[in-house]
Amino acid sequence: MPEDTITSGSQRDTPVRNTPQESYKSAGVDIDAGNALVDAIKPLAKSTSRPGSNAGLGGFGAFFDLKAAGFDDPLLVACNDGVGTKLKIAIMAGKHDGVGIDLVAMCVNDLVVQGAEPLLFLDYYATGKLNVDAGREIIASIAEGCRQSNCALIGGETAEMPGMYEGDDYDLAGFAVGAVERAQTLNEDRVTAGNVVLGLASSGLHSNGFSLVRKVVADNGLDYAAPCPFSPTQSLGEALLEPTKIYVRSCLDAVRGGGVTALAHITGGGFTENLPRVLPANLAIEINGLPWQIPAVFPWLAELGGIAPQEMVRTFNCGIGMAVVCNADAEEDVSNTLQAAGETVFRLGKVTEKAENGLSVIFHNLYDSWPVMAGNTGLDQEGR
């Protein structure tokens, strides 16, 4: 048989048999689709540019100029996180326009509790088969989260991995870096007995506890496309996918105003696992009842799934996405600053000396104050 030849630079002609050839695309990876996605998201990254970064894409790495960002003696703070199994609901509902906000929020809300200002963000998006439209929707929502937190989207990685992910499945991870002036870091040493604990309202479930949420939905045979029992103007999927609230701008305003001694992001582990992370070993936080407005999704879940209040506050944010600890004499100023930045603020309790029982978070009258849905669970009388 005759042979075709290819020529590369100064190399000698290399014989290539005229037979069917395998390619990366035939193995399930479409380089052209990846390039199309990069072209589609370049304007999105540019829209997140901030001092210190040009937020450009296409290189092997990116620079960030701390001096241009206005820092004199900064410490860098880094963290990473994901969205978790909330993505399963997004995939089933075909709704991806909020999960990027979730991704950014889970990272930058962890930065701000150190007193750090988020500076740059990178994402990792992995899927079995790249869908450019869905990918652009996801990256667009990441860019929106970056704009909300004044954080530059400077790059990321899109990985198409057939065989690792099936169907429309995908996963997201995020990486954020922030900075704080050395003298302004928040740590447990600032917290003292007598400090007041304020709570900032959440937007709903945020991005934690979804393995339990999905189990409750599956056990009761509910459809994510059906009208939501606790929010009839939405489908159940839409209500559960409400994006995580980003607290960066408001909390930085409060920290810079003075009087704040600690911040605690209420994520997986709820109150009982996250509040102790900002306390010295000898102190505790006491909360009397549930002195805030609990969004309807939480009592709905508790009643539908038979979840005890103690388990609810250990698993979910129950309506408080960020706790702000401050000096008692600064409570009014801190609260006013947070409200001026758009937050709904509740007084949760106070910091006390730890009792003999050794508990770091003490709820008084938790069971008596937990709200019930009064039958508004969307079930019939037999509980189906």
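The values are calculated or read from the model by the stated rules, or taken from the named source; none is laboratory data. It should be emphasised that the depicted structure is a prediction, and the values quoted were computed from it without experimental measurement. Every residue, glycine as well, gets a Cβ built from its backbone with ideal geometry; the counts of neighbours run over all protein chains shown. Side chains included, ligands, DNA and RNA excluded: accessible areas come from the protein's heavy atoms. Shrake-Rupley method; radii C 1.70, N 1.55, O 1.52, S 1.80 Å.
Here the gap between SER211 and ASN150, fully extended at 0.36 nm per residue and compared with their Cα-Cα distance, gives a gain of 18.9 nm.
When the Cα gyration tensor is reduced to axis lengths a ≥ b ≥ c, the ratio a/c is 1.5 or higher for segment 266-366, and with a/b not above b/c it is classed as oblate.
When you count the other C-beta atoms within 10 angstrom of each residue and take the mean per peptide, 118-125, 205-212 line up highest first as 118-125, 205-212. The candidates ILE91, ILE266, arranged from most to least accessible area with a 1.4 Å probe in the full protein assembly, appear as ILE91, ILE266. Among the listed pairs LYS95/LYS245; LYS95/LYS215; LYS67/LYS350, those with a Cα-Cα distance over 29 Å are LYS67/LYS350. Karplus-derived 3J(HN,Hα) values for segment 327-344, using 6.51 cos²θ - 1.76 cosθ + 1.60 with θ = phi - 60°, are 5, 4, 6, 9, 4, 5, 5, 4, 4, 5, 4, 5, 5, 5, 8, x, 8, 9 Hz; glycine and proline are entered as x. Normalised by the residues of segment 289-349, what does the relative contact order come to in percent, with Cα pairs under 8 Å and at least six apart? Once divided by the residue count of segment 289-349, the mean separation gives 42 percent. Label zone of GLN234 (point 7 Å out along Cα→Cβ, amide N under 19 Å): in segment 281-324 this covers 293-305, 316-322. Seen from LEU76, the other residues with C-beta closer than 15 Å to its C-beta sum to a net charge of -4, counting Lys and Arg as +1 and Asp and Glu as -1. The residues ASP133, ASP219, ASP97, sorted by heavy-atom accessible surface at 1.4 Å with ligands and nucleic acids left out, run ASP133, ASP219, ASP97 from largest to smallest.
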